[in-house]
Amino acid sequence: MKTDTQIHHGFTLLELLASIIVMSIISVTLMPVIGAASESFAVARQVRSSTERAGFALDRVTRVIRQAPIGANNTGVGVSSATASSLTFSDGTGFQLIGTTLEMLVVGNDPVPLCLDVDEFQVVYIGDDGVSNTVNTPTTTHRFMVRVETDGIELTTVVHPRVWIGQESS
(Lines give C-alpha, C1' and ligand atoms only; values in the text may rest on other atoms or scores of the structure.)
Protein backbone atom coordinates (compact mmCIF):
# COMPACT_ATOMS: atom_id res chain seq x y z
CA MET A 1 0.00 0.00 0.00
CA LYS A 2 1.22 3.35 -1.01
CA THR A 3 0.48 6.60 0.75
CA ASP A 4 0.83 10.06 -0.68
CA THR A 5 2.57 12.01 2.04
CA GLN A 6 4.30 15.15 1.10
CA ILE A 7 6.89 16.66 3.38
CA HIS A 8 7.00 20.45 3.27
CA HIS A 9 10.22 22.25 4.09
CA GLY A 10 10.27 25.96 4.88
CA PHE A 11 9.00 28.61 7.25
CA THR A 12 5.42 29.30 8.04
CA LEU A 13 4.14 32.84 7.85
CA LEU A 14 3.97 33.02 11.62
CA GLU A 15 7.64 32.01 12.01
CA LEU A 16 8.65 34.59 9.41
CA LEU A 17 6.74 37.39 11.19
CA ALA A 18 8.25 36.42 14.55
CA SER A 19 11.79 36.58 13.16
CA ILE A 20 11.12 40.01 11.59
CA ILE A 21 9.83 41.34 14.92
CA VAL A 22 12.85 39.99 16.81
CA MET A 23 15.29 41.50 14.27
CA SER A 24 13.46 44.86 14.46
CA ILE A 25 13.77 44.93 18.25
CA ILE A 26 17.49 44.12 18.04
CA SER A 27 18.14 46.84 15.44
CA VAL A 28 16.20 49.48 17.38
CA THR A 29 18.23 48.59 20.46
CA LEU A 30 21.58 48.81 18.61
CA MET A 31 20.97 52.09 16.72
CA PRO A 32 21.98 54.40 19.63
CA VAL A 33 25.14 52.33 20.18
CA ILE A 34 26.12 52.59 16.52
CA GLY A 35 25.34 56.33 16.48
CA ALA A 36 27.45 56.95 19.59
CA ALA A 37 30.34 54.93 18.17
CA SER A 38 30.37 56.90 14.91
CA GLU A 39 30.21 60.20 16.82
CA SER A 40 33.11 59.10 19.03
CA PHE A 41 35.11 58.22 15.93
CA ALA A 42 34.49 61.66 14.42
CA VAL A 43 35.57 63.42 17.64
CA ALA A 44 38.68 61.24 17.92
CA ARG A 45 39.61 62.02 14.31
CA GLN A 46 39.25 65.77 14.96
CA VAL A 47 41.35 65.59 18.14
CA ARG A 48 44.05 63.59 16.33
CA SER A 49 44.12 66.09 13.46
CA SER A 50 44.39 69.06 15.85
CA THR A 51 47.12 67.34 17.86
CA GLU A 52 49.11 66.55 14.72
CA ARG A 53 48.85 70.14 13.45
CA ALA A 54 49.85 71.65 16.80
CA GLY A 55 52.62 69.07 17.22
CA PHE A 56 54.06 69.83 13.80
CA ALA A 57 54.05 73.58 14.52
CA LEU A 58 55.62 73.08 17.94
CA ASP A 59 58.32 70.85 16.46
CA ARG A 60 59.25 73.47 13.84
CA VAL A 61 59.29 76.29 16.42
CA THR A 62 61.50 74.14 18.66
CA ARG A 63 63.98 73.60 15.83
CA VAL A 64 64.13 77.30 15.01
CA ILE A 65 64.83 78.20 18.65
CA ARG A 66 67.47 75.48 19.06
CA GLN A 67 69.28 76.79 15.98
CA ALA A 68 69.15 80.42 17.17
CA PRO A 69 72.17 82.47 16.14
CA ILE A 70 74.68 83.72 18.68
CA GLY A 71 74.22 87.31 19.83
CA ALA A 72 76.41 90.36 19.35
CA ASN A 73 79.97 90.11 20.71
CA ASN A 74 79.60 86.30 20.60
CA THR A 75 77.46 86.25 23.73
CA GLY A 76 73.84 85.35 24.37
CA VAL A 77 71.09 84.64 21.89
CA GLY A 78 70.85 86.75 18.73
CA VAL A 79 67.31 88.09 19.17
CA SER A 80 66.18 91.13 17.22
CA SER A 81 62.52 91.18 18.28
CA ALA A 82 60.64 89.41 21.09
CA THR A 83 56.99 89.53 22.13
CA ALA A 84 54.61 87.09 23.78
CA SER A 85 53.39 85.90 20.35
CA SER A 86 56.45 86.29 18.11
CA LEU A 87 60.20 85.88 18.08
CA THR A 88 62.63 87.07 15.43
CA PHE A 89 66.33 86.24 15.52
CA SER A 90 69.14 88.40 14.19
CA ASP A 91 69.52 86.17 11.12
CA GLY A 92 65.88 86.82 10.10
CA THR A 93 64.47 83.45 11.15
CA GLY A 94 61.70 83.18 13.71
CA PHE A 95 57.96 82.81 14.01
CA GLN A 96 54.89 84.96 14.54
CA LEU A 97 51.17 84.64 15.11
CA ILE A 98 49.18 86.65 12.56
CA GLY A 99 45.47 86.43 13.30
CA THR A 100 44.91 82.70 13.77
CA THR A 101 47.85 81.58 11.60
CA LEU A 102 51.19 80.66 13.12
CA GLU A 103 53.92 81.49 10.59
CA MET A 104 57.60 80.62 10.39
CA LEU A 105 59.88 83.41 9.21
CA VAL A 106 62.36 82.23 6.58
CA VAL A 107 65.29 84.34 5.39
CA GLY A 108 64.70 85.64 1.85
CA ASN A 109 61.20 84.15 1.53
CA ASP A 110 57.66 84.95 2.53
CA PRO A 111 56.51 83.61 5.92
CA VAL A 112 55.49 79.94 5.80
CA PRO A 113 52.23 78.93 7.56
CA LEU A 114 52.90 76.31 10.25
CA CYS A 115 49.43 75.93 11.75
CA LEU A 116 46.02 77.37 10.92
CA ASP A 117 43.19 78.07 13.36
CA VAL A 118 45.52 78.71 16.31
CA ASP A 119 43.51 79.81 19.33
CA GLU A 120 46.55 80.88 21.33
CA PHE A 121 50.32 81.00 20.87
CA GLN A 122 52.60 82.10 23.67
CA VAL A 123 56.35 82.41 24.14
CA VAL A 124 57.73 82.89 27.65
CA TYR A 125 61.36 83.99 27.95
CA ILE A 126 63.10 82.47 31.00
CA GLY A 127 66.49 83.53 32.39
CA ASP A 128 69.37 81.38 33.59
CA ASP A 129 67.86 81.13 37.08
CA GLY A 130 64.85 79.28 35.62
CA VAL A 131 62.36 81.76 37.06
CA SER A 132 62.86 85.33 35.86
CA ASN A 133 61.11 86.57 32.73
CA THR A 134 63.61 88.00 30.23
CA VAL A 135 61.22 89.35 27.59
CA ASN A 136 62.73 92.83 28.08
CA THR A 137 66.27 91.45 27.64
CA PRO A 138 65.69 88.50 25.28
CA THR A 139 69.38 88.04 24.43
CA THR A 140 69.89 86.70 27.97
CA THR A 141 67.12 84.10 27.63
CA HIS A 142 68.30 80.59 28.49
CA ARG A 143 64.95 78.79 28.05
CA PHE A 144 61.93 79.47 25.93
CA MET A 145 58.59 78.04 27.01
CA VAL A 146 56.37 77.72 23.95
CA ARG A 147 52.63 76.97 24.07
CA VAL A 148 50.32 76.30 21.12
CA GLU A 149 46.56 75.85 21.47
CA THR A 150 44.29 74.89 18.59
CA ASP A 151 40.76 73.44 18.68
CA GLY A 152 40.98 72.98 22.45
CA ILE A 153 44.24 71.01 22.20
CA GLU A 154 47.13 72.61 24.11
CA LEU A 155 50.78 71.57 23.67
CA THR A 156 53.64 73.10 25.66
CA THR A 157 57.40 72.61 25.57
CA VAL A 158 60.54 74.19 26.95
CA VAL A 159 63.41 74.78 24.51
CA HIS A 160 67.07 75.46 25.26
CA PRO A 161 68.96 77.28 22.48
CA ARG A 162 72.26 75.63 21.52
CA VAL A 163 74.14 78.95 21.54
CA TRP A 164 74.59 78.61 25.30
CA ILE A 165 76.74 75.50 24.90
CA GLY A 166 80.23 76.61 25.86
CA GLN A 167 79.14 80.09 26.97
CA GLU A 168 79.08 81.28 30.53
CA SER A 169 75.92 82.81 31.96
CA SER A 170 75.88 86.58 31.94
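The values are calculated or read from the model by the stated rules, or taken from the named source; none is laboratory data. Keep in mind that this is a model prediction, so the values were computed, not measured. Neighbour counts run over all protein chains shown; Cβ positions are idealised from the backbone, glycine included. Calculation scope for accessible area: heavy atoms of the full protein, side chains included, ligands and nucleic acids excluded. Shrake-Rupley method; radii C 1.70, N 1.55, O 1.52, S 1.80 Å.
I'd like to check one number: the per residue accessible area of the chain, probe 1.4 Å, reported in Å² as a whole number.
Averaged over the residues of the chain, the accessible area is 65 Å².
Apply the Karplus curve 6.51 cos²θ - 1.76 cosθ + 1.60, θ = phi - 60°, to the phi angles in the range 36-44 and return the couplings in whole Hz, x for Gly and Pro.
5, 5, 5, 5, 4, 4, 5, 5, 4
Subtracting the Cα-Cα distance from 0.36 nm times the residue separation, let me have the gained length for Ala42 to Thr75 in nm, one decimal.
That works out to 6.8 nm of additional length.
Is there a quick way to get the dipole size of the range 88-170? I mean about its Cα centre, with the Cβ of Lys and Arg at +1 and of Asp and Glu at -1; what is the value in debye to the nearest 20?
Using Cβ point charges on Lys, Arg, Asp and Glu, the range 88-170 gives about 300 debye.
Once you keep just the Cα pairs under 8 angstrom separated by 6 or more residues, what percentage relative contact order results for the chain?
19
With point charges of +1 on the Cβ of Lys and Arg and -1 on the Cβ of Asp and Glu, referenced to the Cα centre of the range 80-170, which listed residue (Val163, Met145, Gln122) lies farthest in the positive direction of the dipole?
Val163
Hey, of [x] 1.04; [y] 1.55; [z] 0.94, which did the structure itself give for Rg/Rh (Cα atoms, Kirkwood Rh) when calculated?
Given [x] 1.04; [y] 1.55; [z] 0.94, the structure-derived one carries the label [y].
Hey, if you put +1 on the Cβ of every Lys and Arg and -1 on every Asp and Glu Cβ in the range 1-73, which of Leu17, Asn73, Gln6 ends up farthest toward the positive end of that dipole?
The Cα lying farthest towards the positive end belongs to Asn73.
Ignoring ligands, DNA and RNA, what percent of the 1.4 Å accessible area of the chain is carbon and sulfur?
Of the solvent-accessible surface of the chain, carbon and sulfur hold 59 percent.
Gap in Å between the Cα centre of the range 100-170 and the Cα centre of the range 1-80?
35
Starting from 0.36 nm per residue, how many nanometres of slack lie between Leu14 and Asn109 once their C-alpha separation is accounted for?
Additional length available on full extension: 26.5 nm.
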